[in-house]
Each structure stands twice: as structure tokens, then as C-alpha cells.
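*Asks:* Below is one structure. I have some questions about it.
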Amino acid sequence: MSRITRSTSQALVLLAIALFAVPPSRADEPVHDNYQFCYAVAGGVEVMSPVFHWPVPYGVREGQSSSFANAVYQKYGKGVAQPGCEYFTTAAQAEARRRVIVDTITKNLGPQGVASIDWKPQAAPAPQPKPKPAAPSAPATPQAPKPVVAAAVPPKPPASVKGIFVVCNTNSYQDRARYYNSPIEVTSGDPAAWQASYQKFLQTNFKFGVGVMCSKLPTLAEAQSYFKEITDSARLTTKDMLDRPWPVVVTDWKYP
């Protein structure tokens, strides 16, 4: 190392010692000095951080100068000396003090004597609150058993009346009448037998028995509905030459 370089380094170190003497004990200072900047000498250059806000009590700050020295070493890769930090109540106070140091070193060693590094301490992870023990749960109140509701079973419809229901009828052009027998239930026979029986009944009682028809229906209700339909139609549609309706005669034939 040349004599000039060695003299410059010595002057820088002496200047740093004069400017950045260890401040008085922080124990007597308020804990609200939340603005600061840090510095260190690396390779004959005074490396300084910007002013930053760091609202941490003094006791937590003790390791910040070491952290800053490590950051300077990682960037410049040279021996680091005289690391330190200064603390202030306001940002303006911190900026003014930093400007004094920069101006003083620049005046004595030139602008190459000062360098800046963008650094601020990393926030320590906030302690996680311990989970509160869960309050003991109240014993479950036993619920009253729900009443068993039997599935509603729809009532069975009444069984259809089983059997054979017959409605027979005919027309009499001789006496201009129509004959209709009310529905009857039969247990035997077939349409031919029913017609023959009804025809005999008409010949015996009304002296007429031509064009007999018999209809079979499965239930009494259907037979009654059919009987009403054909008798109503007969009263409305069958008329003589003088527009007079033919009489509708309801008979009481039984089978057999």
C-alpha cells in the first residue's frame, strides 16, 4: 500500500472516530427515537444508509449495527470497520445529522469518500398470540326423542262393485214410444240372451218387441250414467210429425 493511500485510509478512520463517537448511554434517552440511519467504513469509503423509520424500543436495536455491517460486507466484499447507528426523534433531525456527516467527509476526502446503500432492518416476525384454551363446552342437552310419525297410508278406495250391469232399450214405431229399462245386475247370460229376454218382456207387457238392444257396463255407476244419457237424448231428439216428443217409457225388466 502506498503512503498516500495509507494516509487517506488513516484520515478516514480518524474522521469516522471523531464524527461517529459512540453516543452516550441510551438508557437515559427516551424510547421514542424512532428515526435513524447507520454507517460503516468499507475499503476506505464511508458507507451510509438512508434515514428510515424504525419504531422499536432501544433494547431491540442493539444488533442493528452488526446487521448493517453484514449488509455492507455482502455488497462490497471488503473488511468493514466502525459500524454504528444514530437515533432521532424526528426524521428532520436524522436527515440534518446525516447531511452534516456527508458534507464533512466530502469536504475532507472528496465525494468518493462516501457511498450509500439502500438498507433498513428487517422486521422481526410478530409473536403469534398463544391460542386461548377453548372454553369447555356445555354438555349437550339431550333432545327429546322425536315422535315417530307413521307414514300416512291413503285409505283404500272402496272396491268396485263387481258384476255385470245391463241396460236394454228399443223403439216402437207402432205406438210412437221408446222403451228403456233401468240398469240391472246380472250374473249370467250374454247380449243375445239378454235381448231375447227383454224382447219377450216387451211383447208380453206392451205388445211390442222389435229392435231390442242391450249394453253391458262394468259398474253400477257407469250403467246409471249411460242410462241417463240415452234417456235425456231420447226426450230431446225423438218427435212425431207434429213436432211432439215421443214418450219415454221406463220398464222394470229383470233377468233371468
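Please treat every number below as a calculation from the coordinates, not as lab data. Model, not experiment: these values are computed from the prediction. We place every Cβ from the backbone using ideal geometry, glycine too, and count neighbours over all the protein chains shown.
*Asks:* How much length is gained if the chain between residue 210 and residue 233 is pulled fully straight, taking 0.36 nm per residue apart and subtracting their Cα-Cα distance, in nm to one decimal?
*Replies:* 6.3 nm
*Asks:* Something else: Longer than 22 Å from Cα to Cα, which of 200/228; 216/239; 207/254; 216/254; 75/120 are they? Say none if no pair is. Walk me through the numbers before you get to the answer.
*Replies:* Details: 200/228 24 Å; 216/239 28 Å; 207/254 18 Å; 216/254 14 Å; 75/120 14 Å.
Going by Cα-Cα distance, 200/228; 216/239 fall outside the 22 Å limit.
*Asks:* Fewest Cβ neighbours within 10 Å first, please rank 213, 241, 48 accordingly.
*Replies:* 241, 213, 48
*Asks:* 5 Å is the cut-off here: which amide hydrogens, built 1.01 Å from N in the peptide plane, fall below it relative to residue 177, excluding neighbours closer than 5 in sequence?
*Replies:* HN-HN under 5 Å from residue 177: 172.
*Asks:* Spin-label point model (7 Å from Cα, Cβ direction): what's the residue 143 to residue 243 distance in nm?
*Replies:* 7.9 nm
*Asks:* Give me the extension gain from residue 224 to residue 90: residue separation times 0.36 nm, minus the current Cα-Cα distance, reported in nm with one decimal.
*Replies:* Value of the extension gain: 37.2 nm.
*Asks:* How do 100-112, 195-207 rank on mean C-beta neighbours within 10 Å, highest first?
*Replies:* Details: 100-112: 13.9, 195-207: 16.2.
Those peptides, ordered most packed to least, come out 195-207, 100-112.
*Asks:* Right, something else. Between residue 67 and residue 192, what length in nm is gained on full extension when 0.36 nm per residue of separation is reduced by their alpha carbon distance? Each step should come with its number before you reach the end.
*Replies:* Details: separation 125, 0.36 × 125 = 45.00 nm, distance 12.18 nm.
The residue 67-residue 192 span can extend by a further 32.8 nm.
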